[in-house]
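Okay, structure first, notes after.
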Amino acid sequence: MKNETIQQINEWKQKKNAVILAHYYVSEEVQALADYVGDSFYLAKVAKDTDASVLVFCGVSFMGESAKILNPDKVVLMPDLTADCPMAHMATAERIAEMRRKYEDLAVVCYINSTAELKCLSDVCVTSSNAVKIVRALSNRTVFFIPDRNLGRYVAEQVPEKNVILNDGCCPIHAAISAEQVREAKQLHPRARVLSHPECDDAILSLSDYIGSTAEIIAYAKQSKETEFVICTEDGVSFRLQQDNPDKRFYFPKTCPCCPDMKLNTPEKILRVLMTEENRVELDEKTRIAALRPLERMLELGR
Ligand code: 13P
Ligand code: SF4
């Protein structure tokens, strides 16, 4: 990345009172210039609490949308409006309505990786770092968990007192990691601990020593006395893992999971939106208000 681009980004940030938020899955160069880098829960909290006037969200569309829902008066920009999470669309209003008809005392729990329209139909949002805690805290016994069947199944195992109904969606990037790839990595690095994201398939989680969100995986590796790890999540986390632990070794499954949508964020696009204020995230007020309720409930219950 040209130093000139970074310098210009910093100048425009000052001029516009802007901050740059980035998820751990974006490229190293974007993470390196961001003001805040973190997992989905952390970024939602930053988006809610910041006093900046402009937020540049380097992630995928559900993240920019959540920032706008929480901050209607702020300008929320995305470097690339086509950066979208395919899983965010993998639930339907029809199925939610069907479940509500079937179960009187139902909580619709919506993984934050969902469109604003799905959030509007839900009772509470969760992220991978607070899903277990929030589902456990609900008074409802029956939960319809959308859209990720893998995180939903993981939550169901951790909270056996609830009846968790799963929806058939998943992250294609995590779903592509196979148990065979993980076994192969373990054979090559027998001393390595396996750290996995709960968006992975059951077969991967049962081979894992630790399961957590991106931030939790990063924190676990840092505090661990072990020095070798097989990481089952998107490869963007390797930047922070290496920065925090220069003497530790991190290995990824052979196909090296990479989310092409996250990688659409580039320094050049950040500079462009800062200068032009193009790519604003906009939501109609009715949708925003309806989607705010489950997000605020998450922030309250996840505290
Ligand atoms: P977390 O960073 O919250 O673990 O989310 C992972 C993810 O898939 C974001 O798209
Ligand atoms: Fe969506 Fe998976 Fe990409 Fe995260 S890694 S944004 S869940 S496709």
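The values are calculated or read from the model by the stated rules, or taken from the named source; none is laboratory data. Source: prediction; values computed, not measured. Glycine gets a Cβ as well: all are built from the backbone with ideal geometry, and neighbour counts include every protein chain shown. Surface areas here come from the heavy atoms of the whole protein model, side chains and all, with no ligands, DNA or RNA. Shrake-Rupley method; radii C 1.70, N 1.55, O 1.52, S 1.80 Å.
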Pull up segment 250-302, narrow it to residues that are farther than 23 Å from residue 217 by Cβ and among the basic types (Lys, Arg), then point me to the one that is nearest to the chain's Cα centre (by Cα).
-> 297
Name the one entry in 142, 127 that is among the β-branched types (Val, Ile, Thr), within 14 Å of ligand 1 (Cβ to nearest atom) and either more than 19 Å from residue 62 (Cα to Cα) or at pLDDT 95 or above (or both).
-> 127
Given 61, 53, which one is modelled with pLDDT of 95 or more, open to solvent by less than 50 Å² (accessible area, probe 1.4 Å) and more than 22 Å from residue 239 (Cβ to Cβ)?
-> 61
Quick one: which of 26, 46, 54, 76 is within 15 Å of ligand 2 (Cβ to nearest atom) and touching a strand residue (DSSP E or B) at 6+ places or on another chain (Cβ under 6 Å)?
-> 26
Meets criteria (away from ligand 2 (no atom under 13 Å from the Cβ) and touching a residue at least 12 places away in the same chain (Cβ under 8 Å)) for residue 152 = yes
Considering only residues of segment 238-283 that are in a strand (DSSP E or B) and of a type in the set (Lys, Arg), which is most open to solvent (accessible area, probe 1.4 Å)?
-> 249
Residue tally, condition crowded, with 17+ Cβ neighbours inside 10 Å and away from ligand 2 (no atom under 16 Å from the Cβ), over segment 104-116 | 4
Residue check: is residue 180 more than 17 Å from residue 155 (Cα to Cα), at pLDDT 95 or above, open to solvent by 30 Å² or more (accessible area, probe 1.4 Å) and assigned to a loop (DSSP other than H, G, I, E, B)?
-> no
